[in-house]
Amino acid sequence: MYVREILLKEEEKHRLVYIGIVSDWEEVILLAEDMFTGSDVPFANMKARLLELFYGSILGYERFIGNEKASNPNLKRHHFRKAAAYLASLRNVTEGGLDSELKTPAGITFAWHFSNPIYDGIYGSFCRNGNSFRNPEETDDFFSVESGKMYPLEISRVVECLMSDDSSFWGVCALYMQDLSRLVVSYLLQRSDDYGFPDLIKDQTWTDSYIVLRERLVEKQGNMPVFTNGKDFRNYIIKVCKLQAGSIQRKYIQKDDYLEDLSQMKPNYENEDEKEEDKGAISFVEEYYPSAMTEGEAFEPDINTGNPYEVAHAASIILLNSNHPLHKALIDGIEDKARILIDKAVNGMSYNDIISEQYGEQDISEEDYRRAVVKARKDYERVRKVLCSRLKEIIKKKGGACHNSYSIA
């Protein structure tokens with residue numbers, strides 16, 4: 001009986017059916033039970049002998065990896081998940097570093113973000129590696145070691161990913177810039193004592209600043225900024241947001257004493273020296289961004305529920321942070337649909353990839369497969385609306401979490 005239990009645990013850990021090395025699980029277990037002869041030895045020794053027989057003589061794991069690693073998409077996806085889980089475990093016990101310099105809120109990480117292009121490089125080295133992998137543990141160790149060499153990322157590597165137009169890193173950057181831009185706009189509104197059009201200014205500042213950063217890093221327009229650390233990167237974004245917000249605010253202000261400034265509204269990003277007014281914006285942000293929060297720390301969404309952009313942004317932060325106190329309530333009963341959203345939007349998987357992973361261990365007809373892909377596409381569209389509606393209800397029940405449209409984020 002212990003043979004069956006041990007091997008079922010192996011399937012649970014290493015998804016042997018999914019990666020394609022096992023087609024008939026019951027047949028394999030019966031064969032292992034027939035071939036393995038137990039002896040009066042400690043359990044650990046007995047288990048090691050069983051697994052050596054199982055992966056060596058029965059499955060031929062070493063030969064399977066050698067033949068399949070360059071062409072098996074399920075094997076590649078399986079180890080992406082394994083490597084991502086390993087990095088998440090490191091993140092939970094590692095303090096400081098880039099995220100601390102950037103002062104990122106809970107749920108946002110640059111230092112530990114694992115994108116498909118980065119993984120493609122690691123997987124490429126796996127395919128080129130001539131070493132033998134006798135069992136899944138040795139394969140897992142390879143990906144743990146290779147990913148551990150790269151992480152946590154430093155600002156130079158993050159900028160490199162942004163410059164190469166890694167859409168996954170730009171997604172993280174967009175969330176980060178939205179937080180910073182809201183605080184910068186709050187600073188300017190308080191400084192000018194004019195709270196007109198706050199939502200318009202916040203939304204346009206965020207999007208325009210995002211465009212400016214892409215022009216610099218991807219399209220190579222203008223002077224290329226140099227970032228020696230995370231603080232440089234954060235302060236540069238604050239400066240861009242401040243310049244954009246100032247121009248946008250002047251467009252809406254109707255006071256006569258601002259009219260003479262309209263001819264000078266074009267932002268100047270070329271002078272990288274920090275002015276006193278830039279330092280004021282940076283200090284203001286730091287006052288409300290005191291430090292990078294840990295995974296388990298509360299991050300209550302203080303948002304304008306009438307602004308769909310703010311609601312969607314807060315929902316995305318909570319969704320990506322499984323330790324957030326509102327995470328469970330947000331996805332309760334729709335966990336599978338939320339997983340589709342993450343796989344599609346964050347991990348860059350296609351609908352076909354998502355369904356292949358879900359049903360990889362089951363027999364499914366071509367028609368059922370097609371229907372599942374169509375359903376996944378619909379679920380992806382619907383779940384975003386459901387998450388935003390739920391977050392609004394959660395905020396309403398908690399009471400007092402919604403701020404006035406001009407107050408501090």
Inset, instruction - Provide the solvent-accessible area of D232, counting protein heavy atoms only and rolling a 1.4 Å probe, rounded to the nearest 10 Å². - result: 50 Å²
Legend entry - Per-residue SASA entry for L98, accessible area with 1.4 Å probe, Å² rounded to 10: 10 Å²
Legend entry - Estimated D of the range 88-154 in µm² per second, where Rh is the Kirkwood radius over Cα pairs and Stokes-Einstein applies at 20 °C, 1.002 mPa s: 160 µm²/s
Inset, instruction - May I ask which of K82/K344; K344/K385; K375/K397 have a Cα-Cα span longer than 25 Å here? - result: K375/K397
Legend entry - Low-density loop cleavage sites - trypsin sites (Lys or Arg not before Pro) in the range 1-110, where at most 14 other Cβ are within 10 Å (DSSP): none
Legend entry - GluC sites (Glu not before Pro) lying in DSSP loop within the range 75-138, provided at most 12 other Cβ fall within 10 Å: E95
Inset, instruction - Note down, for the range 1-82, the three equivalent ellipsoid semi-axes (square root of 5 times each alpha carbon gyration tensor eigenvalue), biggest first, whole angstrom. - result: 25, 12, 12
Inset, instruction - Be a star and scan the range 209-253 for residues whose amide nitrogen sits under 16 Å from the point 7 Å along the Cα-to-Cβ vector of E160. - result: 227-230
Legend entry - Portion, in percent, of the accessible area of the range 1-147 that falls on carbon or sulfur, probe 1.4 Å: 50 percent
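The values are calculated or read from the model by the stated rules, or taken from the named source; none is laboratory data. Computed from a prediction, not measured in an experiment: that's the story for all the values here. Here the Cβ is made from the backbone with ideal geometry for all residues, glycine too, and neighbour counts use every protein chain on show. Keep in mind that these areas ignore ligands, DNA and RNA; they rest on the heavy atoms of the full protein, side chains included. Shrake-Rupley method; radii C 1.70, N 1.55, O 1.52, S 1.80 Å.
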